[in-house]
Amino acid sequence: MEIIRTDCLVIGAGLAGAAYALNAAQAGLDVQLISLGGSNDANSDWAQGGIIYDTDPGSGLLVNDIMEASDGTANPAAVAQLVNEGPAAVRELLIDELQVPFDRNPDGGLEFTREGGHSARRIIHAKDLTGHAILSSVAKRVASMARITRQEGAVAIDLLTLSHNAENAGDRYAPLTCFGAFVLPAGSSEPVAIVARKTVLASGGLGQVFQHSTNFPGAVGHGVAMAYRVGARLIDLEYVQFHPTVFYGKNAPRFLITEAIRGEGAVLVNVQGKPFMDRVHRRASLAPRDIVSRAIHEEMATSGEPCVYLDLNAMDSDFPRKRFPSVYQRCLDHGVDISRDSIPVVPAAHYSCGGVHADLEGRTSILHLNAIGETACTGLHGANRLASTSLLECLTSAKFTAEADARDIADLDFKLPDPRPWESPREEADPTLVAQDLNLVQQTMWNYAGIVRSPRRLTRARRILLEAREEIQSFYRDCRVTGELVELRNAVQTALLVVHAASLNPRSKGAHYVIDE
Ligand SMILES: Cc1cc2nc3c(=O)[nH]c(=O)nc-3n(C[C@H](O)[C@H](O)[C@H](O)COP(=O)(O)OP(=O)(O)OC[C@H]3O[C@@H](n4cnc5c(N)ncnc54)[C@H](O)[C@@H]3O)c2cc1C
């Protein structure tokens, strides 16, 4: 088995992983940066609405909005870090250094927009392709750094710890310590070990464990499942945020309709064209996401209709095409012309507020294992995330974690061991079984652990998933490892963890809503 040695192994090249790699390399560390696919295969690339650039953090308004969206549950220390340190992170890296092409007013100043739950216009954007504009600029800089080795199509399989993988028996009794991961390189069926002083989970969200999701296809909570298997502390996994407005068409793919459309005046209406959010929340269509998603769910249940609509009549007919060119084109591809038609929408799984517990410098409960970005949970979002905070969180968590790692590594007396070799079984996995099992996980989660949960539904989900996990585990043990198999194994594990967390919490809060049925 090939062994690669490095200072930092970063699992995930979305905004969190790429920004960490940049910061770490600038601090003189060698980095192996791996991802399932290219830069586009990341939620970061798919972000539409924008990133918060609050030039008046002292006002306290952003703190209030985050706390209100979270229903008072967010961690004040994490909120303070984001609000106070965020503006410099955006200005220094994105605006000054990389000159990301954010939209500007005719006078050359940045154009600010607004999204649900925000009391002010404080979000900057690049049309409705903000994530792509940011990540492609960061990825370009990453590609120019000699200290960063970028591997696309490389799948992390399992984390290496002294307790589980070191040759020396005595190491089993040391504190839980991570020293890298087994990784399946692109186009290979033989895993390698990447042995690292610091391992960083930046593997994104878990929306794809649900049947309807806004997330990129690989987002099944790889990091959460890997961390769980080595005994890391996980937290808040029941708080899965459902985005209220995803395009609905009978045979059309689901894609996100950015909240910024409502920020610019679009109104949620039912099939009769009647607004229904005014009676639910004082911010009507711009209420926090959990409230809007549940109101849509309720409206659909009452009317029996498969969707609700976004009415854009308040905008000039030319405005949607100019301001939201990507949404305009994608809707048009599916027969909806948003310069005159309302957009059919439904909610879909969008963001994991919980994840691998991490402090404000990315440390998890396992030594030398960090978690940043959507995989991590510092408590910033509490039970429900405020729109457009997550790209900013990627930047700040990457910066503070890389800085701490650079300090740490300088006086780290940690001799990296050789891991025990990987043992490969011979059987080939049957792709039909893999696809079918993934479907089962996604449908179970959507039907029994989705927007509205009940003890009975969660019990049913748990039973189905436990049986599926048993089946998948034995399949995994017998077959030669592939990316699809790793995904399935992690998906069922993550799904069970979400169901378990939801079952343990009888209290409705934020994105976790339980009925007594
Ligand atoms: C459609 C959409 C729109 C959004 N709009 C906004 C917005 O406007 N503003 C905002 O702030 N937030 C938005 N969000 C949320 C935000 O984009 C994400 O929370 C954030 O980008 C997550 O970044 P990340 O780096 O943590 O993960 P990601 O960007 O998802 O990156 C995850 C990386 O991990 C890799 N990976 C995963 N598992 C493995 C493995 N086993 N081995 C190797 N690599 C692995 C993936 O290949 C990928 O490179 C949006 C999300 C979606 C889905």
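Annotations
- Figure legend. Inter-residue proximity from the range 131-155: first residues under 21 Å from LEU184 (Cα atoms), second residues of a type in the set (Val, Ile, Thr), beta-carbon distance below 6 Å, spacing 6+ or different chains. Indicated pairs: ILE148/VAL31; ILE148/VAL142; GLN151/ILE34; ALA154/ILE34; ALA154/VAL183; VAL155/VAL486.
- Residues satisfying the stated conditions in the range 27-41, i.e. within 18 Å of the chain's Cα centre (by Cα), open to solvent by 10 Å² or more (accessible area, probe 1.4 Å) and modelled with pLDDT of 95 or more: SER35, LEU36
- Residues considered: ALA24, ALA19. Of these, the only one that is within 14 Å of the ligand (Cβ to nearest atom), touching a residue at least 24 places away in the same chain (Cβ under 8 Å) and open to solvent by less than 10 Å² (accessible area, probe 1.4 Å) is ALA19.
- Residue match in the range 388-411 (condition: within 13 Å of the ligand (Cβ to nearest atom), touching a residue at least 60 places away in the same chain (Cβ under 8 Å) and not in a helix (DSSP H, G or I)): yes
- Flag if LEU391 is hydrophobic (A, V, I, L, M, F, W, C), within 14 Å of the chain's Cα centre (by Cα) and crowded, with 22+ Cβ neighbours inside 10 Å: yes
- Test: residue in the range 119-130 that is in a helix (DSSP H, G or I) and in contact (Cβ under 8 Å) with a residue 24 or more places away in the chain: yes
- Taken over the range 177-192, the residue count meeting the criterion of being within 14 Å of the ligand (Cβ to nearest atom) and either touching a Cys at 6+ places or on another chain (Cβ under 8 Å) or assigned to a strand (DSSP E or B) (or both) is 6.
- Enumeration of residues in the range 96-118 that are in a loop (DSSP other than H, G, I, E, B), free of Cβ contacts under 8 Å to residues at least 40 places away in the same chain and surrounded by fewer than 18 Cβ atoms within 10 Å (Cβ to Cβ): GLN99, PRO101, ASP103, ASN105, PRO106, ASP107, GLY108, GLY109, GLU111
- Positions within the range 89-113 being within 25 Å of CYS377 (Cα to Cα) and within 12 Å of the ligand (Cβ to nearest atom), in sequence order: VAL90
- Selection within the range 68-83 - away from the ligand (no atom under 16 Å from the Cβ) and under 17 Å from TYR351 (Cα atoms): ASP71, THR73
- When each of GLU111, GLU92, GLU2, GLU68 is tested for being among the charged types (D, E, K, R) and closer than 25 Å to GLU403 by Cβ, the lone residue that passes is GLU92.
- Output for the range 135-156, where each listed residue is within 10 Å of the ligand (Cβ to nearest atom), over 20 Å from ALA89 (Cα atoms) and either part of a helix (DSSP H, G or I) or out of contact with any Leu (no Cβ under 6 Å at 6 or more places or on another chain) (or both): GLN151, GLU152, GLY153, ALA154, ALA156
- Against the test of being within 15 Å of the ligand (Cβ to nearest atom), out of contact with any Pro (no Cβ under 7 Å at 6 or more places or on another chain) and assigned to a helix (DSSP H, G or I), the options GLY58, GLY86 yield a single qualifying residue, GLY86.
- Residue that is farthest from the ligand (Cβ to nearest atom) [pool: residues in the range 412-434 that are part of a helix (DSSP H, G or I) and surrounded by fewer than 12 Cβ atoms within 10 Å (Cβ to Cβ)]: THR432
- Assessment of the range 304-322 against the conditions (under 26 Å from the mean Cα position of the chain (by Cα) and among the basic types (Lys, Arg)) yields no matching residue.
- Among the residues of the range 61-75, those identified as part of a helix (DSSP H, G or I) and touching a helix residue (DSSP H, G or I) at 6+ places or on another chain (Cβ under 8 Å) are LEU62, VAL63, ILE66, MET67, ALA69.
- Filter result for SER39 (assigned to a helix (DSSP H, G or I), within 11 Å of the ligand (Cβ to nearest atom) and either within 26 Å of SER144 (Cβ to Cβ) or touching a strand residue (DSSP E or B) at 6+ places or on another chain (Cβ under 9 Å) (or both)): no
- Positions within the range 196-239 being more than 12 Å from the ligand (Cβ to nearest atom) and touching a Ser or Thr at 6+ places or on another chain (Cβ under 6 Å), in sequence order: ALA196, VAL209, VAL230, ALA232, ARG233
- When the range 42-55 is filtered for residues that are of a type outside the set (Asp, Glu), within 16 Å of the ligand (Cβ to nearest atom) and part of a loop (DSSP other than H, G, I, E, B), the ones remaining, listed by number, are ALA42, ALA47, GLN48, GLY49, GLY50, TYR53.
- ASN64 being polar (S, T, N, Q), buried (at least 24 other Cβ atoms within 10 Å of the Cβ) and either within 15 Å of the ligand (Cβ to nearest atom) or farther than 20 Å from ALA358 by Cβ (or both): no
The values are calculated or read from the model by the stated rules, or taken from the named source; none is laboratory data. Source: prediction; values computed, not measured. Virtual Cβ from ideal backbone geometry, glycine too; neighbours counted across all protein chains shown. All accessible areas refer to the heavy atoms of the entire protein, side chains included, with ligands and DNA or RNA removed. Shrake-Rupley method; radii C 1.70, N 1.55, O 1.52, S 1.80 Å.
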